[in-house]
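Below: the structure, in structure tokens.
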Amino acid sequence: MTDQPHSQTSGNGEGRYATREDFRRIFDEDLKGLYQLSFLITGDHRKAEQCFVGGIEDCAKQNHVFRKWARVWAKRVIAENAIRELNPQRKHSSSSSVSTISSHRQQRSDAAGHFDVEAVLGLAVFERFVFVLCVLENYREHECALLLNCSAREVREARTRAIAELASRRDGSSASSLLRSDSRNSYKETHNGNDGNNRRERHD
């Protein structure tokens, strides 16, 4: 009698769980995106490949993941492999102040929509993990904290530091471009002015 309800439950739920073929299809269809996730987190192609391949193997062993969450689970497994590989450690800051919520939300939106890969790779390891998981992958603070074995406050502060650094680098790059543009314009004006003076001198 006890076996019957169990078999019925298993039968009813059989089609709800992701199979090995489901995960294989997900990794095939989203090969570029999943590898990029692994690379952005690890910052290293060799480690990214290890975490990516490990993700395929780990997902193939899963048999209790709902099919509709299979793609999200694949990303999580890659992130967990990267955390085990790099063991990102948070840096304790002497300052307890963080950015205001309103400005932080605006920065988060800007950073998520427009960022430079090299700049993200240049972040400190802990800040990079937090930025990729919270900003790019939309993990909640407490979810990210559980993965990284830290507090939600430490996640929040690391995210703020990462976004501030990325914004600073972006602004600096824009400023450098403007300076180069101004220099070229200045050179053209000076050069054209000298040419005009030379022509007038020859005419006189």
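For residues that are closer than 13 Å to PHE115 by Cβ and either in the same structural domain as ALA82 (by TED's automatic domain parsing) or more than 15 Å from the chain's Cα centre (by Cα) (or both), tally how many sit in region 131-168.
1
Can you name the residue in region 131-171 that is acidic (Asp, Glu) and assigned to a helix (DSSP H, G or I) and, of all such residues, is surrounded by the most Cβ atoms within 10 Å (Cβ to Cβ)?
Here the residue is GLU157.
The values are calculated or read from the model by the stated rules, or taken from the named source; none is laboratory data. Keep in mind that what you see is a predicted model, and the values were worked out from it rather than measured. Heads up, the Cβs are rebuilt from the backbone with ideal geometry, glycines too, and the neighbour counts pull from every protein chain shown.
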